[in-house]
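The values are calculated or read from the model by the stated rules, or taken from the named source; none is laboratory data. Keep in mind the model is a prediction, meaning the values are calculated, not measured. Using ideal geometry, Cβ is built from the backbone for each residue, glycine included, and neighbour counts are taken over all protein chains shown.
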Amino acid sequence: MNIQEAANLLAKSDEYRVLKRLHAPDVYHQGEPLTRRIGLVIDTETTGVDTSKDKIIELGFVAFEYDAGSGNIYRILHTYDGFEDPQEPLSEVIKTLTGIDDDMLKDQHLDDAEINDWLKKSSVVIAHNASFDRAMLERRLPAVEDTAWACTFADIDLQAEGIGSRKLDYIAYQLGYFFDGHRAVNDAQATLHLLSYALPVSKKLAMAELLASAREKRLRIFAIAAPFDKKDVLKGRGYRWLPTFSYGASKKGVWSICVAEAASQAEQTWLREHVYSGKQALFQCTSLTAKNRYSVREFSLG
């Protein structure tokens, strides 16, 4: 019995779960896309998790062609993986997590021209946790501000698909594959791979669902000067506390939520009735599209 036969035998049993190592293919879907677009799946490894001051130490991306109508993924066009010297020693935590050490980064620089070239070609930039990667990249590569983004972490309703965690390696496990994580190009390949699958419950193509979500117009609502005693009500509704938010002369934090444009009037009515309770409602709204979603600009009224 060879390995494949053994795997097939185990897969037929309810007692075992068979996972296959990801070997990133060059082609996902044969033929030519009817409405051809170029996408970029991107990932960064960094010196830490503070997007305002930590630095990128590795950037990887996979450029691919897809059909804008169906979401089918076709050919891989280009793969990039590059290091950058942060000019400071890495922490032991980062070394252990990524397998990257100071010697690997010494005198290394990202290829800005190559990265910017593919950013310009791409109709959508995709990341798993785009709020982090976009914020890191906008500090390092200003051209990122002009790109449209989508997020496999936030733009697919994984809970409705029976996937109980949003961690990339867990999603891969649920879909039947595994990969060596916490290296930029490996994570980018794994993210693209999940987009080629039909989702477990809805059976919709993951890439099609991602694109539909990215195209949806949304509003970010800031509940400015919300009464302190309403914090639990707001949190229970799904509002997020933004401690560094500033409005006018005030630099106090604010509760905020992102909602679909179609649901914005209902949300504003809820705020008037349940938070401001007849007092002057001071909430403000910012319109969101894929161009500013997941950017630091999403959380500013300026």
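Just a few scattered comments:
- Taken over region 125-162, the residue count meeting the criterion of being surrounded by fewer than 15 Cβ atoms within 10 Å (Cβ to Cβ), of a type in the set (Asp, Glu) and not in a loop (DSSP other than H, G, I, E, B) is 2.
- Selection count, region 100-124, where residues are in contact (Cβ under 8 Å) with a residue 12 or more places away in the chain, of a type in the set (A, V, I, L, M, F, W, C) and not in a loop (DSSP other than H, G, I, E, B): 6
- Residues within region 53-76 that are out of contact with any Asp or Glu (no Cβ under 6 Å at 6 or more places or on another chain), more than 17 Å from His128 (Cβ to Cβ), aliphatic (A, V, I, L, M) and not in a loop (DSSP other than H, G, I, E, B), tallied: 0
Every residue, every condition in (1) exposed (fewer than 14 other Cβ atoms within 10 Å of the Cβ); (2) of a type outside the set (Gly, Ala, Ser); (3) over 29 Å from Arg215 (Cα atoms), yes or no:
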site	(1), (2), (3)
Ala225	no, no, yes
Lys231	no, yes, yes
Leu234	no, yes, no
Tyr239	no, yes, no
Ser246	no, no, no
Lys252	yes, yes, yes
Val259	no, yes, no
Ser264	no, no, no
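- Total residues in region 50-99, condition in contact (Cβ under 8 Å) with a residue 24 or more places away in the chain, farther than 30 Å from Ala208 by Cα, of a type in the set (A, V, I, L, M) and surrounded by fewer than 19 Cβ atoms within 10 Å (Cβ to Cβ): 1
- Considering (1) closer than 24 Å to Lys53 by Cα; (2) free of Cβ contacts under 8 Å to residues at least 40 places away in the same chain, the lone condition that Ile171 does not fulfil carries the number (1).
- From the options Thr152, Thr191, residue that is hydroxyl-bearing (Ser, Thr, Tyr) and touching a Lys or Arg at 6+ places or on another chain (Cβ under 9 Å): Thr152
- Residue match in region 163-178 (condition: at positive phi and either outside the structural domain of His78 (by TED's automatic domain parsing) or surrounded by 14 or more Cβ atoms within 10 Å (Cβ to Cβ) (or both)): no
- Search result, residues across region 246-296 that are of a type in the set (D, E, K, R) and at pLDDT 90 or above: Glu261, Glu267, Arg272, Glu273, Lys291, Arg293
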